[in-house]
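Worksheet for the structure shown next.
Each value in this text was obtained by applying a stated rule to the coordinates, not by laboratory testing. Just so you know, these numbers come straight off a predicted model, no measurement behind them. Counting neighbours? That spans all protein chains shown, and the Cβs are built from the backbone with ideal geometry, glycine included.
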Amino acid sequence: MANLNPKHARESEVVTRYLLMPRDVNQHGTAFGGLIMELIDGTASMAASRHSERLVVTASIDSLSFLLPIRVGEHVVLRARVSYTGKSSMEVSVRVEKENPVTREKALATTAYLTFVALDENGKPRAVPPLLCETDEEKHAFERTRERVAARREMRCKHDDFEVCE
Ligand SMILES: CC(C)(COP(=O)(O)OP(=O)(O)OC[C@H]1O[C@@H](n2cnc3c(N)ncnc32)[C@H](O)[C@@H]1OP(=O)(O)O)[C@@H](O)C(=O)NCCC(=O)NCCS
């Protein structure tokens with residue numbers, strides 16, 4: 001039986017790190033954007049799977065900002081949290097920090113929001129547990145995200161030249 005009891009984001013949070021190697025950098029000596037995107041997608045999908053207790057697919061990468069370059073030898077520290085739940089979709093926010101392994105100095109390097117959809121055994125969207133918001137701050141954040149998700153959905157339908165919205 002599906003467990004659709006509300007769940008707090010901390011229950012599914014995923015924190016992981018990756019050591020940036022020479023093979024991972026571009027001609028500027030900094031991390032390939034594509035590699036960081038892959039790490040973000042993988043980490044975020046684990047948080048979405050843990051929340052929904054289902055297999056998930058990435059429906060969209062909603063925003064991605066590269067704020068600082070990451071260099072060889074630095075640790076790429078990724079923290080993924082479910083920030084919103086719809087019926088079958090989940091928004092996951094990912095903070096990527098770069099960390100100097102010697103001094104442990106950290107800086108926010110990349111931020112991203114992605115949407116995942118939980119699937120049933122037939123590969124169809126399936127309901128996910130609602131996100132449990134305990135504090136006033138969490139409740140306000142959820143409301144802000146609800147507005148962001150609604151605006152995004154509207155934009156998707158309004159400005160989609162590929163005609164995926166009917
Ligand atoms: C994402 C996918 C499962 C949605 O299927 P669908 O039949 O269009 O589903 P629905 O229209 O019923 O929408 C289901 C949910 O997905 C959301 N959704 C659908 N397309 C979306 C998109 N492009 N971006 C964000 N959310 C989307 C809907 O808003 C809805 O959310 P809700 O249930 O919380 O209200 C389907 O489009 C798909 O399989 N896409 C390919 C995924 C993929 O291959 N990803 C890369 C590898 S993981």
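What the table below lists for this structure:
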{"quantity": "Cβ-based exposure ranking for ASP161, ASP62, in which fewest neighbours within 10 Å come first", "calculated": "ASP161, ASP62"}
{"quantity": "Spatially proximal lysines relative to LYS106 (Cα-Cα < 16 Å; intrachain offsets below 8 disregarded)", "calculated": "LYS98"}
{"quantity": "In degrees, nearest ten, helix 136-158 long axis to first principal axis of the chain (Cα)", "calculated": "80"}
{"quantity": "Helical mean residue ellipticity (222 nm; -39500 (n - 2.57) per DSSP H run of 4+; nearest 500) of the chain", "calculated": "-9000 deg cm²/dmol"}
{"quantity": "Environment charge of GLU99, counting only residues whose C-beta is closer than 9 Å and scoring Lys/Arg +1, Asp/Glu -1", "calculated": "+1"}
{"quantity": "Whether region 64-156 is rounded, prolate or oblate, judged on the alpha carbon gyration tensor where a/c under 1.5 counts as rounded", "calculated": "prolate"}
{"quantity": "Kirkwood hydrodynamic radius of region 13-58, Cα pairs, Å", "calculated": "11.9"}
{"quantity": "Rounded to 10°, Cα long-axis angle of helix 33-52 versus longest principal axis of the chain", "calculated": "40"}
{"quantity": "Fluctuation leader among SER60, SER83, SER93 - the chain, Gaussian network, Cα springs under 10 angstrom", "calculated": "SER60"}
{"quantity": "Cut-off 13 Å between beta-carbons: net charge of the residues surrounding THR58, Lys and Arg +1, Asp and Glu -1", "calculated": "-4"}
{"quantity": "The chain: mean projected area of Cα convex hull, nm²", "calculated": "11.9"}
{"quantity": "Ranking of THR145, THR85, THR115 by count of other Cβ atoms within 10 Å, fewest first", "calculated": "THR145, THR115, THR85"}
{"quantity": "Under 13 Å from the Cα of LYS139 - aspartates and glutamates, other chains or at least 8 residues apart", "calculated": "GLU147"}
{"quantity": "Most mobile of ARG146, ARG23, ARG50 in a GNM of the chain (Cα contacts under 10 Å)", "calculated": "ARG23"}
{"quantity": "Gaussian network model of the chain, Cα within-10 Å springs - most flexible of VAL72, VAL102, VAL57", "calculated": "VAL102"}
{"quantity": "Straight-distance crosslink candidates among lysines, where the alpha carbon sits under 20 Å from LYS124 and sequence neighbours closer than 8 are dropped", "calculated": "LYS87"}
